[in-house]
Amino acid sequence: MSENISVRAILMEQKIVTSLADCLERQDKELLDIVLNYLRDLSCFKEAIHGMIGVDITSKIAEVLKGGFPVPKTAILASLYLLFNIAFNTELRTSIIGNGLISVITKCSRT
């Protein structure tokens with residue numbers, strides 16, 4: 001994906017970040033793993049970061065991690081990697097702190 005700029009442009013035109021963010025609302029463990037890992041891969045690109053700001057991805061991650069269903073360890077780890085990648089953006093870093101995601105990830109990793 002990173003080597004072919006036209007593929008990346010097509011994905012951004014099709015609003016892939018929005019579609020993936022919508023998938024976070026489902027309570028399917030396998031889908032959650034796939035979506036978080038794909039978002040982590042996309043977080044290396046500026047276009048995707050802007051898309052993540054637009055859909056308020058940090059609040060969606062917070063809802064998933066604070067939600068009532070058990071989150072698998074692989075999803076927690078993928079969330080941590082994704083949060084690390086997006087924390088380089090000032091707006092997303094502020095949102096991570098505002099949503100209390102650091103304490104949520106800490107609590108999730110203990111269980």
TODO: Using only C-alpha atoms and all pairs of different ones, pull out the Kirkwood radius for region 5-110 in Å with one decimal.
DONE: 13.7 Å
Task: In Hz, Karplus ³J(HN,Hα) per residue of region 80-95 (6.51, -1.76, 1.60; θ = phi - 60°; x = Gly, Pro) - done: 4, 4, 5, 4, 4, 5, 7, 5, 6, 8, 4, 5, 6, 4, 4, 5
Open item on the list: If I stretch the segment between residue 74 and residue 56 completely, what's the gain in nm (0.36 nm per residue apart, minus their alpha carbon distance), one decimal?
Closed with: 4.3 nm
- [ ] Could you let me know the centre-to-centre spacing of region 65-107 and region 27-41, using Cα atoms, in angstrom?
- [x] 13 Å
- [ ] Quote to one decimal, in nm, the extra length available between residue 30 and residue 91 on full extension: 0.36 nm per residue of separation minus the C-alpha distance between them.
- [x] 19.0 nm
Open item on the list: Using only DSSP helix segments of four residues or longer, with each worth -39500 (n - 2.57), what per-residue ellipticity at 222 nm results for the chain after dividing by its residue count and rounding to 500?
Closed with: -22000 deg cm²/dmol
- [ ] May I ask you to sort 64, 17, 104 by Cβ crowding, counting other Cβ atoms within 10 Å and putting the fewest first?
- [x] 104, 64, 17
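Show me the trypsin sites (Lys or Arg not before Pro) within region 18-50 that DSSP assigns to loop and that have at most 13 other Cβ atoms within 10 Å of their Cβ.
Listed in order of number, the matching sites are 26.
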- [ ] Any of 15/73; 29/66; 15/107; 29/107 with alpha carbons more than 26 Å apart? Name them for me.
- [x] 15/73; 15/107
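Read-outs: derived from the displayed coordinates by stated rules, not from any lab. As the structure is a computational prediction, the values presented were derived from the model and not from experiment. Positions of Cβ are backbone-derived with ideal geometry, glycine not excepted, and every protein chain shown enters the neighbour counts.
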